[in-house]
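Everything below concerns the one structure shown next.
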Amino acid sequence: MLAAAALIARRHDAHVIGLHTVESLAVYPGVALHVPDIVFTEYGRSQVAQSEDIKEIFETAYQAEEFAHEWRLLHSQSETAAERIVESAHCADIVLMAAADPDADTAAHARLLESVIRDAGRPVLVVPQDFSGDHLGQSIVLGWNGTREAVRAAHDALVLLQAGDCAHILRVNDHSHDAGLKASSGDLAAAFDRHGIETTLVERSWERPGVAAALSREAMERGADMVAVGAFGHSRAYDLVIGAATRDLLRHSEVPVLFSR
């Protein structure tokens, strides 16, 4: 993730803020358990040590860079880590977060990603664990379905693009709103073209396993370095029961994905 942030910061002369949150050890009222004071003390000490290690990695990675960077350590106290990240995100142009480890024992990090994407109000770029690209945000596959979330994604992606870069606007056609989407995607391509972006309109028929797979496949075939999509366009209940393209991309994408909501 540090490498991805550096690529964007160099290109846009950005100010990078490294943010680490430390959560307090919580014991819930419904749990009948006595926790000795030494447990809280040792937990706090381990969190401080971990924070120092992460700070050193951050500073070492960027010490030779010309862009501005700073380190921030936040204690969550009674709030969750997601809430503190969201607070900080409100004043950021873009939030970068590492993708969840698919081999992790818990889904805690995946839930953290979903919470920040839903509530930050800012675009969140989720970077795969093994990212090693030498450019980022120069060739973007944009998922387009005409929704409010897709509109946000398109214009958030446009901020990262520069004249001469490429945007591939992908419309997965399920024939539900064919005429309107075709017209709006053409208008979007014209808007990108006015910014000097080399724009391609792509239409694919909907097929299993779904939209997330189509976006990932398009990115790989075109050599794109990023996918941009509107996130969580349905209610929380729908996403929980039915599943969503957002969650599929969070789990399986091999390229960085910009989520906007």
Original post:
Counting only the backbone N, which residues of the range 93-110 are under 20 Å from the spot 7 Å out from the Cα of R72 toward its beta-carbon?
Top reply: 93-99
**OP:** Hey, could you grab the Kirkwood Rh for the range 80-156? Inverse mean 1/r over distinct alpha carbon pairs, Å, one decimal.
**Re:** 14.0
Subject >> For the range 87-218: span of alpha carbons on each principal axis (Å, largest first) >> reply: 44, 35, 29
**OP:** Enumerate the amide H contacts of L125 below 5 Å, restricted to partners 5 or more residues apart or on another chain; note that Pro and chain-start residues carry no placed amide H.
**Re:** V95, L96, M97, F259
**OP:** Please identify every one of the trypsin sites (Lys or Arg not before Pro) in the range 76-161 that sits in a loop by DSSP and has no more than 13 other beta carbons within 10 Å of its own beta carbon.
**Re:** none
Subject >> ³J(HN,Hα), Karplus 6.51/-1.76/1.60, whole Hz, each residue of the range 129-137, x for Gly, Pro >> reply: 4, 9, 4, 9, x, 10, 8, 7, x
Subject >> Cα-centre dipole for the range 81-237 with unit charges at Cβ (Lys and Arg positive, Asp and Glu negative), debye to 20 >> reply: 460
Original post:
In nanometres, what is the gap between the two model label sites at V159 and D193, each 7 Å from Cα along Cα-to-Cβ?
Top reply: 2.6
Original post:
So who's got an amide H within less than 5 Å of the one on D165, skipping anything under 5 residues away but keeping other chains? H placed 1.01 Å off N, in plane.
Top reply: E198
**OP:** First measure r as the distance between the Cβ atoms of T60 and A104, then evaluate 1/(1 + (r/R0)^6) with R0 = 30 Å and state the FRET efficiency to the nearest 0.05.
**Re:** 0.75
Original post:
Using a 1.4 angstrom probe and counting only protein chains, how large is the accessible area of I17 in Å², to 10?
Top reply: 80
Original post:
Amide H of V16: which non-local residues (sequence gap of 5 or more, or other chain) have their own amide H closer than 5 Å, using H built in the peptide plane?
Top reply: A68, H69, E70
Subject >> Extension gain (nm, one decimal) between E203 and E52, 0.36 nm per residue minus Cα-Cα >> reply: 49.5 nm
**OP:** Pop out the carbon and sulfur fraction of the accessible area of the range 51-148 as a percent, whole number, probe 1.4 Å.
**Re:** 46
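The values are calculated or read from the model by the stated rules, or taken from the named source; none is laboratory data. In this text the structure is predicted, and so the values were computed from the model without any measurement. Ideal geometry is used to build each Cβ from the backbone, glycine not excepted, and the neighbour counts take in all protein chains shown. Only protein heavy atoms, including side chains, enter the accessible area calculation; ligands, DNA and RNA are left aside. Shrake-Rupley method; radii C 1.70, N 1.55, O 1.52, S 1.80 Å.
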